[in-house]
1. Tally time: how many residues in the stretch 373-385 are part of a helix (DSSP H, G or I) and in contact (Cβ under 8 Å) with a residue 60 or more places away in the chain?
2. Right, F38: among the aromatic types (F, W, Y), part of a helix (DSSP H, G or I), surrounded by 24 or more Cβ atoms within 10 Å (Cβ to Cβ) and over 15 Å from the mean Cα position of the chain (by Cα) or not?
3. Kindly state which helices (runs of 4 or more DSSP H) lie completely within the stretch 56-149 and contain at least 2 residues that are of a type in the set (G, A, S) and closer than 27 Å to A230 by Cβ.
4. So, S295, is that one within 30 Å of L424 (Cα to Cα), in a helix (DSSP H, G or I) and in contact with a Phe, Trp or Tyr (Cβ under 8 Å, 6 or more places away or on another chain) or not?
5. Identify, by number, the condition in (1) at pLDDT below 80; (2) under 25 Å from G345 (Cβ atoms) that E122 doesn't meet.
6. Residue by residue through the stretch 399-412, note down the ones that are in a helix (DSSP H, G or I), closer than 17 Å to S34 by Cα and out of contact with any Leu (no Cβ under 8 Å at 6 or more places or on another chain).
7. Among the residues of the stretch 251-296 satisfying the criterion of being of a type in the set (S, T, Y) and under 28 Å from M333 (Cα atoms), which is surrounded by the most Cβ atoms within 10 Å (Cβ to Cβ)?
8. Looking at this structure, is V49 of a type in the set (V, I, T), farther than 29 Å from A129 by Cβ and in a helix (DSSP H, G or I)?
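The values are calculated or read from the model by the stated rules, or taken from the named source; none is laboratory data. These figures come from a predicted structure and were not determined experimentally. Here the Cβ positions follow ideal geometry from the backbone for every residue, glycine too, while neighbour counts run over all protein chains shown.
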Amino acid sequence: MQKEKNLGYKELVAIAVGGMVGGGIFTILGISVSIVGFLAPFAIALGGVIAFFAAYAYVKLGVYYQDEGATYAFFKRTYPDSHLAASFIGWYTLFGYISTLALYAYTFSSYSISGFAFADSEIIRKAVAISILWIFAMINLWSVKGMGKLEDTMVYTKLIILLLISIALIYYGSTDFHTFMQTVSKDFAKSSTLNILIVSSVTFVAYEGFQLVINAVNEMETPEKNIPKAIYTSVILVALIYFIIAIGAVLAIPAEDLIQNKEYALASGAADIMGSWGRNLVIIGAVLATSSAISGTIFGSSRQMARISEDRYLPSLLSKRTKQVPTYAIMVMTATASLLILGGGLRLILEFGSITFLLVSLLMALANFKIRAKTNSSTLFTLIAIAGLLTGTVLILYYEYTTQPEQLLYIIGLYLFLSFSAWLYARFANR
């Protein structure tokens, strides 16, 4: 019996927007302002251009292969004779999802405790973050029935709250448009183009999630039309949302407050200018955004982990399922994200996630270039996408090297571990 195709354009846009607006905008503002000041909204929006480069490869490969395995499946099918390529893309993709889980949980924690006296306690923040991860892991283990029915409602509720926050910040903001433009001009004179590009690259993780559309290819109507329409629409829509809320934040909240309270900058700033109702609105928006993103990411990425395990690029235990639920994959992903939270703060998690998804997107662009004639891709635009994603990856590494070399060593250590593990499974498990 043929499976019913019940996901149309609107539902697919909701899936993609829900995956992207998962807490990133709540965490990147303070970091962005600390680097480029009032240019932060423009730099964050420029990150959407980099995301568009990444989306191009995913759209072309998604329409051509129409495989729900998305990133992992595309690379494996493009390089069918290379166990090493399949293993590397599998490990990198999974750890990209793990880093976003950690980011969402850390954001949830930062905002949920922001009204308490212990809000600045790193120990409590990490404890709450790890706890919420395991709560949603248990929910995924016990029951996933009905989760899809709530997706549209939760996503559009998030968008409404973000719109209300933006309008309130702009309305109550003490900085008028003329002063804002003068400050932007001053910041542009002080900030180099390099710094603007660095912010665009560092905040790239806030755009991760549009590829979730492809995971639903078996349930969507006319994939060849809806994959490109839904992905391009969602990237543009999210970039616009981020730009508007960032404009509202810099107009209403002093730069020093955004920088100092970067983990929960919006809630702190909203409380100062709008009182408790403004802070509560931001907290509700952040908690709702991160909750749905945590649950959805655990759901989707654990199934991808199980599939990679079935192909023998991960321990076979991770492929075992209980009533179609990949029990061990869920627990291992949650435990690994918990370790990442313990090992670093918001900035490390954010930058590790951006590096990982830039790297994975670069590999997708390279795969698309290899079969560009089959995917009917523009050679010029594909090369531009490769150059843009490669530049973004290099810029983050350069930024880490010049500002936080010890953190860079930690990130390099993680990648050495991932690369060595992927090589071992490619070399010995698939002989």
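1. 6
2. Judged against the criteria, F38 is a match.
3. Numbers: elements: 70-78, 83-112, 122-142.
The helices (runs of 4 or more DSSP H) meeting that bar are 70-78, 83-112.
4. no
5. (1) is the only condition that E122 fails.
6. So the first thing to find is which residues in the stretch 399-412 are in a helix (DSSP H, G or I), and the list is 399-403, 405-412.
Remaining after also requiring closer than 17 Å to S34 by Cα: 399-400, 402-403.
Listed by number, the residues that qualify are Y399, T402, T403.
7. Here is the first cut: in the stretch 251-296, the residues of a type in the set (S, T, Y) are 264, 268, 276, 290-292, 295.
Restricting the remaining residues to those that are under 28 Å from M333 (Cα atoms) gives 264, 290-292, 295.
Details: Y264: 28, T290: 30, S291: 21, S292: 25, S295: 20.
Only one residue tops the list, namely T290.
8. Numbers: of a type in the set (V, I, T): yes; farther than 29 Å from A129 by Cβ: yes; in a helix (DSSP H, G or I): yes.
For V49, the condition - of a type in the set (V, I, T), farther than 29 Å from A129 by Cβ and in a helix (DSSP H, G or I) - is met.
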